[in-house]
Amino acid sequence: MEVLSNLALGFSHALTLSNLAYCALGCCVGTLIGLLPGMGPLATISLLLPLTYSLPLDGSLIMLAGIYYGAQYGDNVSAITMKMPHAASIVACIDGYQMTLKGKTGLALFAAGVSSFIGGTVAIVVLSTLAEPLANVALLFSPADYCALMVLGFCCVSYVSTGGSMLGGFAMALVGVLLGQIGTDLNSGAERFTWDQPFLVDGVGLISVALGCFGIAEITKNLDNKNTFTPFTGQIKLIPSWPEFKRIIPSALRGSIIGSFLGLLPGGGPEVKPEFDALLLPLGGDQLKQTARQIKAARAGAGAEQVQLLGSGLWDDTSTAGEPALYGGWFAASPLDQRRAFESRFQATYGRSPPRLASLAFDAAALAAVLSKRERDPFSREAILNPSGFTGVDGLFRFTDQGLVQRGLAVLEVTPQGTKLVSPAPQSFRDLAF
């Protein structure tokens, strides 16, 4: 009964005249923008988001939902009529374009729209009533079960594609698997088949493959055949006959039920934006590299937006600068000029590069020498807790009465060319906010 009461409350807000108008407007505008090849629902919402700033809260949410579903239908229009798919309309491109070649463009568009409506409705019903028990079942899936699902998918692709040729369909699925091996492994974070090319770290994009296999290939084929026409004549008969309509409904219901179940499996649902903008990794050496690779793989697999990586002085290492998973990350480090001057003096004296703790030991010895020159109480509490601090090889530092050390460090960024200065180290503690 609680589900029904919540649905009734939601419909009481959604079915008002103003909110229905916002929804209709969002669907129309979203469909128009979604017609552009390569413009997905998320990109469309990003472009049209300012339209909702002055609307009421419920109206803006309803309009954004209309834009989202309208953009999804717009993807189907370009895929069916021009063979220009987006990630969500690849299947519509395969079957819908073949219907366009046979003069059944309207039927394909009608089937796509009705199926989307039925799928969304079934998904909402499942989410409202069966989400918790089905999610518990989905958590019971083991790696072997996921492997079985993938094998089933390969078998289905091999059977239904390329005109019933099992060998051709299997070869197509195998090519997709091979392309999927390029990029960062989702489990270990290791880079596979990237050949030290940064643009391959995130893998081969599905949109690029889809446009290449369908859109560009079709254009090239028409140019090669010197075709000056398009199979889409502009004449659309949207309303299907009753026998055609009866064939659409069962297929849409079957696909909705299967999709709702698969969407509950971990990793098989929509992309989720992380609830944080930055992530601190106070690690170093091989542990830092492995962790950064796993994080980058997780971001790439989820399609999440870029998360700013932050590090500590442990990042101040020559091997860190060459790690692609850390490119763009910021970390605090000693002032570059003072650090390099100390390293050159150490190299000239001892014939080798200094270890990381050498500068700290040097600053401690130098501070003891400076304080020892005071005439009265050289190592008193007041002298050690000097609020102005001291300047050493590792930059500005001072001690607090809680036994902590505060430092004024520079902020560096990891780039393919090495480290780059983002913010210089402060010259005094008066420049800081504490």
Around residue 347, what is the net charge, scoring Lys/Arg as +1 and Asp/Glu as -1 over all other residues with Cβ under 15 Å from its Cβ? +4
FRET efficiency for residue 209 and residue 244, Cβ-Cβ distance as r, R0 = 45 Å, nearest 0.05? 0.90
Applying 1/(1 + (r/R0)^6) with R0 = 25 Å to the Cβ-Cβ distance of residue 374 and residue 407, what FRET efficiency is obtained, to the nearest 0.05? 0.60
Residue-span extension gain [residue 420 to residue 192] - 0.36 nm each, minus C-alpha spacing: 79.3 nm
Find which of 366, 331, 348 sits farthest along the positive direction of the dipole of segment 331-378, computed with +1 on the beta-carbon of Lys and Arg, -1 on that of Asp and Glu, about the Cα centre. 348
Ranked by how many other beta carbons lie within 10 Å on average, peptides 382-391, 142-151 from highest: 382-391, 142-151
Pulled fully out, how much extra length does the chain show between residue 57 and residue 4, if you take 0.36 nm times their separation in residues and subtract their Cα-Cα distance? 16.8 nm
As an exercise, use a Förster radius of 35 Å and the Cβ-Cβ distance of residue 283 and residue 147 to find the FRET efficiency, rounded to the nearest 0.05. 0.60
Placing unit charges on C-beta atoms (Lys and Arg positive, Asp and Glu negative, everything else neutral), compute the dipole magnitude of segment 278-431 about its Cα centre in debye, rounded to 20. 140 debye
Test of understanding: what is the full-extension gain from residue 430 to residue 20, defined as 0.36 nm times their sequence separation minus their Cα-Cα distance? 141.8 nm
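Only the coordinates and a few stated rules stand behind these numbers; no lab work does. Small disclaimer: the values here were computed from a predicted structure and weren't measured. Please note: Cβ atoms are built from the backbone with ideal geometry, for glycine as well, and neighbour counts cover all protein chains shown.
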